[in-house]
Structure formats: C-alpha cells, structure tokens
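Student: Can you read through this structure? Questions will come right after.
Computed from the coordinates by the stated procedures, all read-outs in this text should not be read as laboratory data. Here the structure is a predicted model, which means the values were calculated and not measured. Cβ: placed from backbone, ideal geometry, glycine included. Neighbour counts: every protein chain shown.
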Amino acid sequence: MIPGMPGDSLVYLNGEFTRADQAKISVLDRGFIFGDGIYEVVPAYHGKAFRMAEHLNRLERSLAAISIPMPMDRAALTAVIEKLIAGAATKDCIVYLQITRGVYKRDHAFPAQAITPTVFGMVTPLVVPSAQQREQGVAVVSIKDERWLHCEIKSVSLLGNVLARQQAVEAGVDEVIQYRDGFLTEGSSSNIWVVRGGKLLAPPKNNLILEGIRYGLMAELAEQAGVPFEARPIPRAEVESADEVLVTSATKEVLPVTRIDGKPVGDGKPGPVYRLLRAGYDARIAAL
Ligand code: PDD
C-alpha cells in the first residue's frame, strides 16, 4: 500500500512499466542516500504533454550540471512519458520523472566506475487550480530563502524547499515567497512575478532560482499581449507595493497572489495583467 496514492497507478522503473506498489529500488540508490539526482514535472492536458521539448531541455541541463549521463536518448524518454500519459487514470495528468546517479557502495564522491543511472517515472492526476483560486487569488507568506546556491538545478535534494513549503501549510496559505538578502527569489515550488506600472517583472535567471518552464512561456505570453517584461533583481519593498503578484508552476499554472502576510496585494483582487496572461495560458492549453 502507498498512503495517499492508488497502488495500481502506472510507473516506469529502469526499462519496465509496472504498478506503483510493485516498483522497488535499491537501499543504496544514491538518490535515496544522498539526494544525488534530478527530476522533472511535465503536465499533460487531454492526453498531450505541454511544453515537452522545454522540459526535456531542462532535464538535460540538470543532468549535465551534476555530471550524470543522459540514460537514454530523447526519443526513448519521450516514449516513456507518452506511455505514462496514455496509461494515466485521468486525461489531465502530471508526469514525474526522476533520474539518479544509480546504485553504488556509499561514498560521497562519484562512483569510481561507470554505473547505470536509475530512471523512474510516474503519472498522477493533475488537480488544476480551483475556480476560487483563479477568481480570488491565493495567499502567501514571506520567508527567508535558506536553500543552497544551485537552485537552477532541478535536483531531488529538496529539503530546503520541503521546509519552506511546510511553513506555508502551517500558516494556512498556499505558498511562500522567499527572499535572499532582501531580494525576491521564488516560491517553494513555483516562480513568482511582480507587476508594477503595467510592467511584468521577474527575478533574473541565475543560480538563485529554478528557471520554470513557465518562465519562458510567461515572457512569450507577455510579448503576445503587449505587456512589457523585464528580468531584474526585485527588492522586497517592490513586491510589497506591487500592483499585482503572480505565481506559476506546472501544477499552479498561472495564479494571482492577492494576499501577502495577511495584507492585500494592490486592491486585493486579481488584476488586468493576470487576466491577460491567464487567458494566453488557457489558449495554449486549448490549442494542444
Ligand atoms: N516545481 N521553482 C521551483 C523551486 C520549483 O520547484 C518549480 C516547479 C518552479 C516552476 O517550474 P515549472 O514552471 O517548470 O513548473 C519554480 C514542480 C512543479 C514540483 O517540484 O513539483
């Protein structure tokens, strides 16, 4: 039994498709021992992966960053993702892919001999944001970013993100906004956007944030909608006095943030830039 998840849901492990409650990995897998691996979360709508190429590009970048060889070519990985989507319980779903360095005797250094990476995939239903979240927005709390300095790697070493997210749960809100040295970084598992004077702002793409697949997409949607976009360091005061704040991720899609630390953002209602970008996002999904 897997608490919280149907045991018969489809998973892929090292070349085999099986049930979630049947798949087993070694206790010495370096993903388990060290968090030595990377992952991707690919959303699919009506049975089709959304932004697959961009997700695979990021997966390759994450692997290269920690010197894990690509375990199979893109076509084979795409076939795995497509088979998981086809076997999903719902047509809108989330494919989770994880690749670890593999199994070896415990030693912090990379294994002295070539080992085979562990490749795991699973598919779960995509629970899209509720109408209330879309229409009234979500609440967040501000916290200090205490994660490491390679947030650009989509690493499975997520303890910092886990502890950040738990603070949101304990505060009874949907997400956190993290600040490092007084500047906006991102959420626990999402990117954060600020709108000031009709302009969309995001923190620059660097080692302090994960470049979400929606990061590039939002820039595209902004351009399409005629909304100017600028990536630059954003001090906390500019977030707290913003006209609008938005949050994006594979699972949150695009949502308005309407309360920060209990105070309203702008007039406390989703704003016009949110509406434009949200409409663009919905149109991309509909066109899949
Ligand atoms: N998280 N920043 C962090 C730290 C994230 O974990 C995520 C995504 C994002 C947004 O990336 P994208 O637009 O590609 O979803 C930004 C996924 C959903 C997760 O860990 O489940």
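Student: Lys154: which lysines have alpha carbons under 22 Å from its alpha carbon, excluding same-chain residues fewer than 8 sequence positions away?
Tutor: Lys144, Lys205, Lys252
Student: How big is the Rg/Rh ratio for region 131-287, C-alpha atoms only, Rh by Kirkwood, two decimals? Write out the running numbers ahead of the final one.
Tutor: Details: Rg = 14.3 Å, Rh = 15.4 Å.
Using only Cα positions, Rg/Rh for region 131-287 is 0.93.
Student: How high is the relative contact order of region 1-155, in percent, counting Cα pairs under 8 Å that sit 6 or more residues apart? Present the calculation step by step, with values, prior to reporting the outcome.
Tutor: Details: 239 pairs, mean separation 47.7, N = 155.
Result for region 1-155 is 31 percent.
Student: Which Cα, out of Met52, Ile25, Val247, lies furthest along the positive dipole direction of the chain (beta carbon charges, K/R +1, D/E -1)?
Tutor: Of the listed residues, the answer is Ile25.
Student: Compare the Cα positions of Ser67, Leu221, Thr185 along the charge dipole of the chain (+1 at Cβ of Lys, Arg; -1 at Cβ of Asp, Glu; about the Cα centre) and return the one farthest towards the positive end.
Tutor: Ser67
Student: Can you sort Arg58, Arg214, Arg232 from fewest to most other Cβ atoms within 10 Å of each residue's own Cβ?
Tutor: Values: Arg58 22, Arg214 27, Arg232 10.
The fewest-first ordering by Cβ neighbours comes to Arg232, Arg58, Arg214.
Student: Quick one: go through region 179-206 and flag any residue whose amide nitrogen is under 11 Å from the point 7 Å out along the Cα-to-Cβ line of Ser142.
Tutor: 179-180, 182-184
Student: Can you put Asp107, Asp36 in order of Cβ neighbours within 10 angstrom, beginning with the fewest?
Tutor: Values: Asp107 11, Asp36 20.
If I rank by nearby Cβ atoms, fewest first, I get Asp107, Asp36.
Student: How long is the gain from Asp107 to Glu223 if the chain were fully straight, where each residue apart is worth 0.36 nm and the alpha carbon distance is subtracted? Before the final figure, lay out the partial values.
Tutor: Numbers: separation 116, 0.36 × 116 = 41.76 nm, distance 4.84 nm.
Full extension from Asp107 to Glu223 adds 36.9 nm.
Student: For q = 0.10, 0.17 Å⁻¹, what log10 I(q)/I(0) does region 41-130 give under the Debye formula with an equal point scatterer on each alpha carbon and no solvent?
Tutor: One equal scatterer on each Cα of region 41-130 leads to -0.30, -0.74.
Student: Can you run phi through the Karplus equation (6.51, -1.76, 1.60; θ = phi - 60°) for region 16-33 and list ³J(HN,Hα) in whole Hz, with x for Gly and Pro?
Tutor: Along region 16-33, the couplings run 10, 9, 8, 8, 4, 7, 9, 6, 9, 10, 5, 5, 9, 4, 5, x, 6, 6 Hz.
Student: Residue separation times 0.36 nm, minus the C-alpha to C-alpha distance between Glu170 and Leu149: what's the value?
Tutor: 5.0 nm
Student: Order these by the 10 Å Cβ neighbour count, fewest first: Val227, Val162.
Tutor: Values: Val227 19, Val162 10.
Neighbour counts put them in this order, fewest first: Val162, Val227.
Student: Defining a contact as two alpha carbons under 8 Å apart and six or more residues distant in sequence, what relative contact order in percent does the chain show?
Tutor: Numbers: 567 pairs, mean separation 50.1, N = 288.
In percent, rounded to a whole number, it is 17.
Student: For the chain, take the convex hull of the Cα atoms, compute a quarter of its surface area, and give me that in nm², please.
Tutor: Orientation-averaged projected area of the Cα hull: 15.0 nm².
Student: With each run of n ≥ 4 DSSP H residues scored as -39500 (n - 2.57), what mean residue ellipticity at 222 nm is computed for the chain after dividing by its residue count and rounding to the nearest 500 deg cm²/dmol?
Tutor: Values: 8 runs with 84 residues, N = 288.
Mean residue ellipticity at 222 nm (helix-derived): -8500 deg cm²/dmol.
Student: Between Leu159 and Glu240, what is the label-point separation in nm under the 7 Å Cα-to-beta-carbon projection?
Tutor: 3.1
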